[in-house]
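These notes concern the structure reproduced below.
The values are calculated or read from the model by the stated rules, or taken from the named source; none is laboratory data. Computed from a predicted structure; not experimentally measured. Don't worry about glycine lacking a Cβ; one is built from the backbone with ideal geometry, like all the others, and counts go over all protein chains shown. Accessible surface is based on the protein model in full, side chains and every heavy atom, while ligands, DNA and RNA are left aside. Shrake-Rupley method; radii C 1.70, N 1.55, O 1.52, S 1.80 Å.
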There are 2 protein chains.
Amino acid sequence: MTSPSCPAPVSGYDRVVLGHGSGGRLSHELFARVFAPLLGADAAFGLEDQAVLAAPREGRLAVTTDAFVVKPLVFPGGDIGSLAVHGTVNDLAVGGARPLCITASFILEEGLPMALLENVVQSMRRACDAIPVRLVAGDTKVVEHGKADGIFITTTGVGVVPDALALSATRARPGDRVLVSGPLGDHGIAILATRQGIDLRTALSSDSAPLHGLTGAMLAAGSGIRCMRDLTRGGLSSALNEIAAASRVGVKLVEKGIPLRPEVRGACELLGLDPLYVACEGRLVAIVDGGVADTVLEAMRRHPLGEQAAIVGSVVADHPGLVSIRTVVGGERIVALLSGEQLPRIC
Amino acid sequence: MTSPSCPAPVSGYDRVVLGHGSGGRLSHELFARVFAPLLGADAAFGLEDQAVLAAPREGRLAVTTDAFVVKPLVFPGGDIGSLAVHGTVNDLAVGGARPLCITASFILEEGLPMALLENVVQSMRRACDAIPVRLVAGDTKVVEHGKADGIFITTTGVGVVPDALALSATRARPGDRVLVSGPLGDHGIAILATRQGIDLRTALSSDSAPLHGLTGAMLAAGSGIRCMRDLTRGGLSSALNEIAAASRVGVKLVEKGIPLRPEVRGACELLGLDPLYVACEGRLVAIVDGGVADTVLEAMRRHPLGEQAAIVGSVVADHPGLVSIRTVVGGERIVALLSGEQLPRIC
């Protein structure tokens, strides 16, 4: 295996060409040089058309898929590769699932620098190893220059949910509390600042991180967790609106309790963005039985990804289907679903 | 549910806009109008971040993923939606796996006609229902006009392989026979003819089809099947070169035994293409113990997708790692891996 810091180009190609997606010799070389060493030589990725693994003998299967089209491909705190791993693991984690394996499909634009692809794939491997989860199958297609935008990745995750666990957006009940695991909007603002060349005068990074450890600690702390959501597109607002609608309950937030970094607050004020709508990629919201909310909060705060966890609101019988917030100046307003597009290509 | 033949536009949008990928109100409307009714209202697609299903209590899990970037999006015999379902089910089928569920992620280009998206999604639903397999989870992203090419779809399949079954590209042995399930190259030539406006003077359609029924019949017929491959990118040549390399054996083909439609033969001669490299999407090659090859062939011919199945060659100890062919004029030549790109964006 070539040293990751200085990869040799694939057969002299320093950029991706259409032939790398042909299924022929160039596809094999691309696989052997870029994907096989980095994604686990024991995986079926390449040799067979499908990976085969032991089925879990207890629990149910959880399955989730996400396409990643983030722009730029590399940003403070991560890149499209680590984001694609974290995003899918997080969709499993908030369902209470232990990740079993993931798959990745790549759509590459002709002309993509090979070194950039190698860096992204290496980043995926590091993200998988840190969890740990095995990437067991993959695919690569190449489209003409101008018909994609660098790299698009779709990751699919398969996990195992304990039989006794029933988390669902339909389970929120009046009296439940609303917990978030940390400051909102770091990912969205870090992406936006990078894309627009905005100097935030601080080193704001994406919060992109795998949440399975945090959710494991939360589930171990108490049985009163109704549901969890990671806060991606549409931010806290989308997640809570979906839960309020699915459970036919209201949600009341208290603005002053919502954790927010000063630089995110400042950037949102500057740009006219509401942080309740800005995406995170390593934060979650949990709806928790009021009787165990403090216990779950303590468990979250003991985890490195939940040190700034906070109770930010309650589930109420009022205004079913709607989310409201008591503002710092004392008023109350409805937090509706985002009506248009706030920040395209954030994930 | 709106009549599939005349779908109303989503909230008055007759084209996809960036807001349809926002995670906000437009995303919900797109899901509710286009995806939910067509892909199964009981699926988690939309309501939860992950689908949960019963785990198989016997057998192993098979997992496969593929990106589809075919151009044009609609072609004789199918479209990108049916192709994405068939391609993933076939990757499971050739591993001997029964399909358990599939997922789909969509990358849409801003400006895509909504009616085209609806037609593709309806086609996916029909393809799933015909198998049958449930599409249990999905995702949609939208990128700016000019940053993708209409619709890209990644499908991932999860299936169940019986514990006793061990199909592998490493298991070919001298004396085995090489069987193909039908005429080669229909898909590739149909796509090419559509794309280039070539009039083939016949109604050549893609062979896109789900192969799980055929593989099931083959596996039921005998235990001597070493491995199977569906013949996608790189055609028969790629599949056999991979098997020859993985098993360290030679493969000898006999050209006159290879089924080929006259119009495909004619188009290949006209365009300078070798049909051994042209993609199919509903054909497979099987390496079968010589002692049961005729039995398996009979089983294939009794299945509608294998009526023109044929024994086209043998596995030999000579020239390990290489595929050769005895031509109709009596010579012998090596059939190497495709070195460049013959037909981009065929799947």
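Summary of values
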quantity	calculated
Accessible surface buried upon A-B contact (total; probe 1.4 Å; Å², nearest 100)	6300
Among A:ALA32, A:ALA137, A:ALA164, residue whose mean-square fluctuation peaks in a GNM of chain A (springs only between Cα atoms under 10 Å)	A:ALA164
Beta bridge orientation in the protein assembly as shown: antiparallel %, DSSP, nearest 5	80
Estimated FRET transfer efficiency when R0 is 45 angstrom, pair A:LEU271-A:ASP14 (beta carbons, to 0.05)	0.75
Computed over region A:126-214, Cα set: Rg, Dmax in Å	18.8, 55
Occluded residues from region B:139-162, i.e. those whose accessible area drops by 20 Å² or more once the chain is not alone (1.4 Å probe)	B:ASP139, B:LYS141, B:VAL143, B:GLU144, B:GLY146, B:LYS147, B:ASP149, B:PHE152, B:THR154, B:THR156, B:VAL158
Per-selection Kirkwood Rh - chain B (Cα, Å, 1 d.p.)	21.1
Label point at A:SER205 placed 7 Å out along Cα→Cβ; residues across region A:268-283 whose backbone nitrogen lies under 15 Å	A:281-283
In region B:46-154, the GluC sites (Glu not before Pro) that fall in loop regions by DSSP, at most 13 other Cβ within 10 Å	B:GLU58
Net charge of neighbours whose Cβ lies under 11 Å from the Cβ of A:VAL178, counting Lys and Arg as +1 and Asp and Glu as -1	+3
Gaussian network model of chain B, Cα within-10 Å springs - most flexible of B:ALA84, B:ALA245, B:ALA209	B:ALA245
For the protein assembly as shown, alpha-carbon Rg and Dmax in angstrom	25.7, 91
Prolate/oblate/rounded call for region B:216-309, Cα gyration tensor, a/c under 1.5 rounded	oblate
Exposure ranking of B:ASP186, A:ASP14 by accessible area [1.4 Å probe, largest first]	A:ASP14, B:ASP186
Per-residue SASA entry for B:VAL329, accessible area with 1.4 Å probe, Å² rounded to 10	130
Calculated diffusion of region B:18-161, Stokes-Einstein form, Kirkwood radius summed over Cα pairs, 10 °C and 1.306 mPa s, µm²/s	103
Sites matching trypsin sites (Lys or Arg not before Pro) across region A:196-274 that sit in DSSP coil, with at most 10 neighbouring C-beta atoms within 10 Å	A:ARG201
Equivalent ellipsoid dimensions for region A:257-347 as semi-axes, Å, which come from the Cα gyration tensor, largest first	23, 19, 14
Region B:39-119 - percent of accessible surface contributed by carbon and sulfur, probe 1.4 Å	55
Part-to-part distance (alpha-carbon centres) for region A:275-347 and region B:107-145, which is given in Å	31
Rounded tilt (10° steps) of B:212-221 against the dominant C-alpha axis of chain B	30
Cα-based Lys proximity count in the protein assembly as shown, under 28 Å, for pairs eight or more positions apart or on separate chains	13
Cα Rg, Dmax (largest Cα-Cα span) when computed across region A:112-165, Å	15.1, 50
Region B:271-335, dipole about Cα centre (Lys/Arg Cβ +1, Asp/Glu Cβ -1), debye to the nearest 20	100
Fraction of alpha-carbon pairs over 29 Å apart in region A:177-334 - percent	15
Cα-projected label distance for B:ALA220 with A:GLU58, points at 7 Å along beta-carbon direction, nm	3.7
Accessible area per residue in Å² at 1.4 Å probe, computed on region B:81-193	24
Debye intensity ratio I(q)/I(0), log10, region B:86-185, q values 0.10, 0.11, 0.23 Å⁻¹ (C-alpha model)	-0.42, -0.49, -1.21
